[in-house]
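So the structure is just underneath, and the comments pick up after that.
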Amino acid sequence: MPETDRKAVSNDVGFVRTIGQFQASAINMSQMVGIGPFITIPAMIIAFGGPQAVIGWVAGAVLALADGLIWAELGASMPGAGGSYIYLREAFQYRTGRLMPFLFTWTAMLFIPLIMSTGVAGFVQYLTYLWPSMSSGQGDLIGLAMCLAVVLLLWRRIDSVGRLTSVLWVIMMISVACVIIASFTHFHASDAFTYPAHAFALGSTKFWLGFASGLTIGIYDYLGYNTTAYMGAEIKKPGRVLPRSIIFAIVGIMCIYLLMQIGTLGVVNWHDMIDPANPASRSVAAVVLEKAWGKTTADVVTVLILITAFASVFAGLLGGSRVPYDAARDKVFFRQFGRLHPKHRFPVLGLISMGVITAAAFLISRHLGNSQTHPPLTVLITFLTTTMVIVQAFAQIAAVTVLRRRQPNLRRPYKMWLYPLPSVVALVGWLTVYVFADKNNPGLHPIEGSLAWVVLGGIAFLVWAKVERTWPFGPKEINENFLHAPEDAQGAPATGAGAAGPGAGGAGRREQA
């Protein structure tokens, strides 16, 4: 191990900073692409009612970039394992103790693997292009086998994972490049740029409902730009690498999505994409490849697309499994989640539990698959998005401002461009996604469901706080862990395991409730 890497290991429980700029960007991009655009291009067409659906990809990129700048500032300032958990803990400890980090961990243990389950479901759905006669039971077994394979591949040291992620990133780039090249070699501008009447009627309620639906689909496809923030304790020179990995990934993936959307519209008529009986509504990329280069080539590239879907789930569980680790190390979650593998140095219980929840959610979505009004993937995306918005997006937007006021001397290697404009843009975007969730999904009540889940988490917190004798039933601990921590060999705050739990460094004090 190089000398700098030896110094980066914090005591006997710390992560190792081995992920560089290329690997960090690759992890984000692999998580962002996955199977998402291949199965949601038709959904975006349905939302907007025509080729003007490119608006959805641009709007999603704007929201992702605005929100990504928030992640960039917070992640560069507090590069520890756990991402949002750390940021909410540091920002809201002054008034509500450990409530916000508890609620985030409570929610993340569900929404992260559920988002991964949509990737598994999409993988099985796309596989039907190669295996049209696949039975429901066979699809179930394939999805479960995929979940098991991801967990086994992650059962190793992070430096090996980084190399494997780079390989998967290359495969992802090849698959999307093939689709883009195939579409533009057989491109018909009349199909791609012929819009239906009133396509851009900004005064129409229908347009804005479609815009909100398209924005939800778009931001879902961009999700993953923050994966490296969950791995802040394993990033080399995080003050520089982490913000760049977020910005590079968003801009790069936006270009890919726009090229894919416009390209496919120039090969497959958009009416075919919204026809449930047409294969283009389920496997549009494969149909494009078949029209351009023949069935054999389409089959080969479809395999690459499936590998890309696998890479997305792989990267998502890689980052997500680190979330409960930090909470447990900080005594805000079950202590068993705070243990690393003695040899390979990864959070064992976090990886296993999220893998199991992903598999269970996949099976549930398969049994909900008979609904024509509300397809199971759409239902999962809607509920996950609304739940995530309350605990993560809204709270994290506030956290940037709170920390600038509460900890003005916090080391900030990167500061948000044009502050506070990105925070305002992100707030408006997430509010649009949240408020229109009920209107675009009548009968499902996703807003009520998300509020109920948060309330249940609040009740669980009160029970936990009573047992632990912490606020509001005991002293409120203020630990400004990153404010005065010295730098390690990588220029990051040296705060124990990267988790920066109580006693890891920085100023600390106790306040009575």
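The values are calculated or read from the model by the stated rules, or taken from the named source; none is laboratory data. Note that the coordinates shown come from a computational prediction; the quantities given were computed from them, not determined experimentally. Because the Cβ atoms are built from the backbone with ideal geometry, glycine has one as well, and the counts that use them run over all protein chains shown. The protein model used for the area step is the full one, side chains on, heavy atoms only, and it has no ligands, DNA or RNA in it. Shrake-Rupley method; radii C 1.70, N 1.55, O 1.52, S 1.80 Å.
Of all residues in the range 162-206, which are assigned to a helix (DSSP H, G or I), more than 25 Å from Val300 (Cβ to Cβ) and in contact with a Gly (Cβ under 9 Å, 6 or more places away or on another chain)? Answer for the range 162-206, where residues must be assigned to a helix (DSSP H, G or I), more than 25 Å from Val300 (Cβ to Cβ) and in contact with a Gly (Cβ under 9 Å, 6 or more places away or on another chain): Gly162, Ala189, Ser190, Asp191, Ala192, Lys206. Scanning the range 407-434 for residues that are within 24 Å of Val391 (Cβ to Cβ), open to solvent by 80 Å² or more (accessible area, probe 1.4 Å) and touching a Leu at 6+ places or on another chain (Cβ under 8 Å) gives no hits. Could we say that Tyr225 is modelled with pLDDT of 90 or more, closer than 28 Å to Thr382 by Cβ and assigned to a loop (DSSP other than H, G, I, E, B) here? In short, yes.
Residues checked against (1) under 14 Å from the mean Cα position of the chain (by Cα); (2) surrounded by fewer than 24 Cβ atoms within 10 Å (Cβ to Cβ); (3) over 29 Å from Arg469 (Cα atoms):
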position: Asp67; (1), (2), (3): yes, no, yes
position: Ala76; (1), (2), (3): no, no, yes
position: Gly83; (1), (2), (3): yes, no, no
position: Gly97; (1), (2), (3): no, no, no
position: Val120; (1), (2), (3): no, no, yes
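Look at the range 343-360: where a residue is of a type in the set (A, V, I, L, M) and a partner is open to solvent by 20 Å² or more (accessible area, probe 1.4 Å) and assigned to a strand (DSSP E or B), sitting 6+ places away or on another chain with Cβ atoms under 9 Å, you get Val348/Leu340. Screening Ile235, Ile256, Ile180, Ile219 for residues that are under 20 Å from Met29 (Cα atoms) and under 16 Å from the mean Cα position of the chain (by Cα) leaves exactly one candidate, Ile219.
Only one of these is in a helix (DSSP H, G or I) and either within 28 Å of the chain's Cα centre (by Cα) or surrounded by fewer than 23 Cβ atoms within 10 Å (Cβ to Cβ) (or both): Val332, Val356. Name it.
On the way: Val332 fails: in a helix (DSSP H, G or I).
Checking each option against the conditions leaves just Val356.
Of all residues in the range 284-307, none are part of a loop (DSSP other than H, G, I, E, B) and in contact with a His (Cβ under 6 Å, 6 or more places away or on another chain). When restricted to residues that are at pLDDT 90 or above and buried (at least 18 other Cβ atoms within 10 Å of the Cβ), the range 299-314 contains 0.
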